[in-house]
Structures are given as C-alpha cells and as structure tokens.
Amino acid sequence: MLAIRHAEERGLANFGWLESRHTFSFGHYYDPRFMGFGPLRVINEDRVQPGQGFDTHGHRDMEIISYVLDGALEHKDSMGTGSVIRPGDVQRMSAGTGVRHSEFNASDSDPVHFLQIWILPEEKGLAPSYEQRTFAAEEKNGKLRLVGSRDGREGSVTIHRDVDLYAALLEDGETLGHAFANGRNGWVQIARGSVLLNGNQLYPGDGVAIDGRAEITLTGTSAAEVLLFDMG
C-alpha cells in the first residue's frame with residue numbers, strides 16, 4: 001500500500017519569524033488520522049527568518065534529527081554541545097532522560113530552511129547524547145546514502161531505533177530503487193524538487209507511507225532531494 005500525504009494538506013504554523021509545515025500532528029495542529037507512522041512521529045518543514053529561532057526548551061525520550069536544506073542552523077544544548085548545521089549535515093540528538101536546547105538561524109541576513117524529524121526511541125530513559133556528520137553531495141548523487149541507522153554503520157549517525165534513514169539527490173530522468181525486507185515499512189519525504197514514485201508524481205513537501213510493499217522505484221522529474229525511512 002502507498003498512501004500519499006500531499007504537501008498542501010499538512011498543518012501550518014506561521015508566527016512571522018517561523019513558518020512550519022507539519023506532516024503529523026504537532027503543537028496546535030492536531031489530526032487523529034496523522035499521529036505519525038510507525039516509530040516516525042514528527043516531520044516538520046521549518047523556515048526561520050534571519051536572526052530568529054527557538055529559545056531554550058526541553059525534550060525527553062525522543063530521537064531528534066535536524067536536516068538543513070538551505071542556510072545555517074545554530075544549536076546549543078545543556079550537554080555543553082554547540083554547533084552550526086549546514087546543508088549536507090545530519091544532526092542526531094537523543095533527548096533521553098532530558099535535554100534543554102535552543103536552535104537559531106545562524107545568519108543575520110538569510111533564512112534557514114530545514115527538516116526537523118522526531119523518532120520514538122526503542123526504550124525510555126536513555127542517556128542524552130548528540131552526534132553530527134557531514135555527507136557530501138557526491139555520496140548522494142543518483143543513489144541512496146545511508147545517513148542514519150541503529151548501528152551507525154557506513155559512517156551514519158546512530159538512531160536508537162530500528163530505522164535506516166537514507167538521503168538521495170536525483171537529476172531529471174535519473175532512477176533508483178529500494179527493496180524493503182519482509183515486515184518492514186517505509187516513508188519517503190520529498191525535500192525539494194519532484195519525483196515519480198512507482199508512477200505517482202510527487203512534489204516538494206509530499207510524503208508517502210509505504211506499508212507492505214516489497215520494492216519502490218524513484219525517478220527524478222526535476223532536480224530533487226529525497227529522504228527515505230526504512231523501518232522495522
């Protein structure tokens with residue numbers, strides 16, 4: 001089964017300094033039909049204006065992944081970690097027993113555009129931790145590059161859940177495939193550009209739940225960036 005979640009159907013929060021599109025219920029947006037998919041709980045597409053951001057706030061028992069598409073996102077947390085996340089970077093923060101952090105646009109002149117992804121961990125009460133890796137465009141051109149996994153293999157960030165997260169860059173007409181092992185489900189999120197997924201035309205912000213399907217094929221119909229979640 002393929003179930004398409006069209007970009008324009010997502011929840012919207014617009015505070016002036018922040019425009020956020022919610023694939024699943026989040027904050028003031030609630031739809032009982034869209035509470036997540038498997039262990040995937042949140043996909044927010046955020047655009048933050050220059051010099052603005054999220055003041056210090058807390059999280060518990062959640063794997064939080066930040067994936068920057070344009071601009072730069074500055075991160076500081078109560079573990080003493082501070083970094084700037086740029087396109088090509090993947091940051092994973094395990095909130096575990098509790099973390100407080102802030103996220104701000106690192107630029108005073110340019111907006112930052114990023115995806116904030118929450119995954120339910122395999123167990124509660126993990127020790128808080130943080131990890132960040134950079135994946136060059138060459139590693140993702142025309143192929144699925146593993147950027148997050150339960151065991152941190154192939155240089156990916158470690159996700160405390162049986163989830164393989166891939167990123168791919170596709171040119172117009174370029175095709176790749178992915179097979180799901182028996183009993184595993186998937187989610188595909190179109191970060192930018194447009195693709196065909198098993199013949200279904202998808203555009204920026206669209207997402208697709210993949211349940212009980214053995215294999216998918218993605219074909220770029222314009223220059224595209226895609227995230228694929230393979231989940232146990």
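List of remarks:
- Neighbours by Cβ (under 9 Å, 6+ apart or cross-chain): first from segment 191-209, at pLDDT 95 or above and surrounded by fewer than 16 Cβ atoms within 10 Å (Cβ to Cβ); second small (Gly, Ala, Ser) and not in a strand (DSSP E or B): 201/194
- Tabulated pairs, segment 160-183, first under 15 Å from residue 228 (Cβ atoms), second assigned to a strand (DSSP E or B) and modelled with pLDDT under 95, C-beta under 6 angstrom, 6+ apart or interchain: 179/215
- Only one entry in 154, 138 is over 22 Å from residue 220 (Cβ atoms), over 17 Å from the mean Cα position of the chain (by Cα) and assigned to a helix (DSSP H, G or I), namely 154.
- Here residue 87 meets the list (1) outside any loop (DSSP other than H, G, I, E, B); (2) farther than 15 Å from residue 57 by Cα almost entirely, failing just condition (1).
- Restricting segment 73-94 to residues that are charged (D, E, K, R) and buried (at least 18 other Cβ atoms within 10 Å of the Cβ), the residue that is farthest from residue 49 (Cα to Cα): 92
Every residue, every condition in (1) surrounded by fewer than 19 Cβ atoms within 10 Å (Cβ to Cβ); (2) touching a residue at least 60 places away in the same chain (Cβ under 8 Å), yes or no:
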| residue | (1), (2) |
| --- | --- |
| 15 | yes, no |
| 42 | no, yes |
| 47 | yes, yes |
| 54 | yes, no |
| 71 | no, no |
| 96 | no, no |
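- Filtered residues of segment 18-36 (kept if under 16 Å from the mean Cα position of the chain (by Cα), part of a strand (DSSP E or B) and not aromatic (Phe, Trp, Tyr)): 20, 21, 22
- Within segment 112-125, the only residue that satisfies the criterion of being out of contact with any His (no Cβ under 6 Å at 6 or more places or on another chain), buried (at least 16 other Cβ atoms within 10 Å of the Cβ) and part of a loop (DSSP other than H, G, I, E, B) is 120.
The values are calculated or read from the model by the stated rules, or taken from the named source; none is laboratory data. What you see is a predicted model; the values in this text were computed from it and never measured. Note that we place each Cβ from the backbone using ideal geometry, even for glycine, and neighbour counts take in every protein chain shown.
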